[in-house]
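The values are calculated or read from the model by the stated rules, or taken from the named source; none is laboratory data. Since the structure is predicted, the reported quantities are computational estimates derived from the model, not experimental observations. Heads up, the Cβs are rebuilt from the backbone with ideal geometry, glycines too, and the neighbour counts pull from every protein chain shown. Surface areas here come from the heavy atoms of the whole protein model, side chains and all, with no ligands, DNA or RNA. Shrake-Rupley method; radii C 1.70, N 1.55, O 1.52, S 1.80 Å.
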Amino acid sequence: MKYDLTFGSYGNFNWSTGSNKIRSLNLIDREALEKSRGLQRWEIGDIAAKIVFSNKLQSSYGYSLRTSDTRYLNESFVFYEAIRSRSYFKDTSSSAVLFNKKLRYFARFLVVLLFQNKREFAEVVIKELRELVNAYTNSFNLPDANEWQLVLIELDTFLKADVIVSVGPSPDLINYRTSLPDSNSLNLDATKNSPRSSFITIAESILVSNRRRHVKFSELSLDMFRIMQSLERTSDRTAGSRFKNAHKTMLHRPTFSEILFALSSCLQETDFQQCLLLYITVDDMFVRKARGNGAPVSPSTPTASDISLPLSLLTDQRSDINSWSWDDIVPFTRKPFFLIIETESSSTFIPRKNKFGQPLVCLSSSSISLPLNLQNQSRTGSLFTFFLTAPMLALAFMCGASTLDHDAYSKAVDTTNVALNELAVCLMSDSKIDVSYRTFLENVILRAYITRFILFHAVINRYFKNYTQKPYPTCFPEMHFLENPDSQPMVIVRELLENVLTMLNLTGRLASHHDNVNNT
């Protein structure tokens, strides 16, 4: 497609080049460019847009994705908004090529707006883009006009799913970034319950998305968007904190070779006081029939020459060059490793043992399919990922709520943060819990994932209370207290659940619509 955007990058790069070019361009007299250099306004806009987005120039945009340094994302926004406000692309209606440049600029600007949580502004820009796409279709009637119509559909679907539960008067109030305090405020003694002398940090994070039908815009899926933002902190003290925002690599429908290379590159940049985080949202692998025996073959079945197909999960004993399983991950657990996996075949991907003895945790969605009202990949995204990144919004969604009062929501979020920090202290003092959890609980981002996982377990238990088989999320190592309702951790989350349901005016609504069904 004309608007495809590339997010993945890894390895050692010189990220300062693009930002230096941007600062230099800010000093250029634009009026002089137009008069003395003879450049037209659209040419200046095109140059500016390329500098902001170009991978070759290692731009501010790419730098902000890689390092999670939002200062550079802000720089990108300033540039794109200047292009729009100064109407650099206004004189492009006579040329299909120039018009297409203008459409690509708008698509890229929308990505920046999404990353900045400027949803209201994005709605304005989408309206402008829709008018431009219609004008482009009517004026030129080129084959790629249909592709731009698909862009609009993707954007509409993405934004509707992103605000499936709205908060207050503005969609900009929805935020997936982590706002928990540092470990110091928890009075945690890192050396008492952990073998490490310093707090662990996330050095690298690899986010993998490979689903046939899911909410996405270009190569950015809703699940990946939520996880990506949850890896960043909202605190202004981030720059001076020990908990620096993790470097990110985003891979959309990668081949096995691509993800293997990404893991190898990121592991090389990770030391033993850091960890590598891998997030996967992927479909099951369907059993494929070999060619040559006259058996019918589905359109998705690879030929013998297919060597770069997107990876899938191995769900049976057969080998496939583009499938992978836990065995493929084991070599990378020689250093601290944190895995989050969202798939319907999660039971086949849970680690069997910690081979190298380094801190290792896996949090996984249930292998039991959820009802469509809770999880529809093509409309709402994945519930497990939603809960790990925005537990109060996900809880409201499960209760069937579409809007929340802003003050009540803020109070519920603050109450949740306090209770989950109390839960973290409880876990740190638990001598029975695996040392991997105690190690990762010292990190503010990983602590949020672990404690929200426990809360989600309690929510699932409540929602499916009359089911004989509940779609619990799973984890490795096992948490011994999850099945004991009288254990201190479960008492904490159960009391928290009651409190926030009351605050959000959702009491009595957290229950399956099919309470009389016993699934088997």
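Structure notes:
- Given (1) closer than 25 Å to Gln358 by Cα; (2) in contact with a Leu (Cβ under 8 Å, 6 or more places away or on another chain), index of the condition Ser264 fails: (2)
- Meets criteria (at pLDDT below 95 and of a type outside the set (Phe, Trp, Tyr)) for Ile445: yes
- Helices (runs of 4 or more DSSP H) contained in region 365-476 and holding at least 1 residues open to solvent by 40 Å² or more (accessible area, probe 1.4 Å): 406-428, 435-440, 444-463
- Within region 127-169, the set of residues being open to solvent by 10 Å² or more (accessible area, probe 1.4 Å), in contact with a strand residue (DSSP E or B) (Cβ under 8 Å, 6 or more places away or on another chain) and either free of Cβ contacts under 8 Å to residues at least 12 places away in the same chain or of a type in the set (Gly, Ala, Ser) (or both) comprises Ser166, Gly168.
- Residue match in region 352-363 (condition: out of contact with any Leu (no Cβ under 7 Å at 6 or more places or on another chain), free of Cβ contacts under 8 Å to residues at least 60 places away in the same chain and more than 23 Å from Thr439 (Cα to Cα)): no
- Residues considered: Thr502, Thr507, Thr439. Of these, the only one that is at pLDDT 90 or above, among the polar types (S, T, N, Q) and under 28 Å from the mean Cα position of the chain (by Cα) is Thr439.
- For region 252-282, the candidate set comprises residues that are more than 25 Å from Ile200 (Cβ to Cβ) and assigned to a helix (DSSP H, G or I); within that set, the residue that is farthest from the chain's Cα centre (by Cα) is Ser257.
- Looking only at residues of region 162-184 that are hydroxyl-bearing (Ser, Thr, Tyr) and modelled with pLDDT under 80, we find that the one that is farthest from Gly400 (Cα to Cα) is Ser183.
- Residue ID - surrounded by the most Cβ atoms within 10 Å (Cβ to Cβ), chosen from residues in region 330-347 that are within 20 Å of the chain's Cα centre (by Cα) and β-branched (Val, Ile, Thr): Thr343
- The set of residues in region 481-495 that are assigned to a loop (DSSP other than H, G, I, E, B) and either more than 19 Å from Cys362 (Cβ to Cβ) or open to solvent by 100 Å² or more (accessible area, probe 1.4 Å) (or both) comprises Glu483, Asn484, Pro485, Asp486, Ser487.
- Residue, farthest from Gly168 (Cα to Cα), within region 83-124, restricted to residues that are surrounded by 17 or more Cβ atoms within 10 Å (Cβ to Cβ), aliphatic (A, V, I, L, M) and without any contact (Cβ under 8 Å) to a residue 40 or more places away in the chain: Ile83
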